[in-house]
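Notes to accompany the following structure.
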Amino acid sequence: MTNYNKNYIKLIISLFFILAGFFALAIAWFLQYVWTMIPCSLCIIERWPYRILIVLGFIGLLIPKRYVLWILWGGLLILMFSIGVSFVHIGVEQGWWKSPLPECNAYLYSADNFSDRLNFMPDRPTKPCDVASYLFFWMPLSLTMLNGLYSFFLFVIVIWRLIAEKHDRRIYF
């Protein structure tokens, strides 16, 4: 494969990671601040792989083209983590298990007076992790399930690109 093609592939892969991460975070931002959907703690954790994917994309723009496979493998690991976190969150939403995060579970606190109860309340309202958020009432997939599907879709694309790189084919996203 020519030097020009390797540079082109590196640029495409890096931009793919950056745009995929920005797209996911933009949707989350839109739902949180425009549609005022309050995220739970697991939802906040589900955003981190996309931030790391963006950073990986920018690193991919800066490093030499011979490390393009390392960028792809790094993206694959990040997306595997994202799918795993989504699966854990889906399990919590469906009642298969309790949330691993303590802030998702309500604390039972009994106080003698009202001021003590107010002191132990969080600063801002939080959403329990076991309550699913749906984008539309007619769609049976929660936002967590949609995030898992999106991560899986990106995962398949990265595997496809890794196979193409292994066989040194001219497949351009």
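Structure notes:
- Within segment 30-69, restricting attention to residues that are in contact with a helix residue (DSSP H, G or I) (Cβ under 9 Å, 6 or more places away or on another chain) and of a type in the set (Phe, Trp, Tyr), the residue that is nearest to Asp130 (Cα to Cα) is Trp48.
- Segment 32-43: number of residues that are without any contact (Cβ under 8 Å) to a residue 24 or more places away in the chain, among the hydrophobic types (A, V, I, L, M, F, W, C) and surrounded by 14 or more Cβ atoms within 10 Å (Cβ to Cβ): 0
- Within segment 63-75, residues that are under 9 Å from Lys10 (Cβ atoms) have Cβ atoms under 9 Å from residues that are surrounded by 13 or more Cβ atoms within 10 Å (Cβ to Cβ) and among the small types (Gly, Ala, Ser) in these pairs: Tyr67/Gly60; Val68/Ser14; Val68/Gly60; Ile71/Ser14; Ile71/Gly57; Ile71/Gly60, counting only partners at least 6 apart in sequence or on another chain.
- Boolean, Ile52 is out of contact with any Leu (no Cβ under 9 Å at 6 or more places or on another chain) and closer than 30 Å to Ser142 by Cβ: yes
- Within segment 85-132, considering residues that are at pLDDT 80 or above and assigned to a loop (DSSP other than H, G, I, E, B), the one nearest to the chain's Cα centre (by Cα): Pro100
- Taken over segment 144-164, residues that are farther than 12 Å from Phe87 by Cα and buried (at least 17 other Cβ atoms within 10 Å of the Cβ) amount to 5.
The values are calculated or read from the model by the stated rules, or taken from the named source; none is laboratory data. Bear in mind the structure is a predicted one, so any value in this text is a computation, not a measurement. Every residue, glycine as well, gets a Cβ built from its backbone with ideal geometry; the counts of neighbours run over all protein chains shown.
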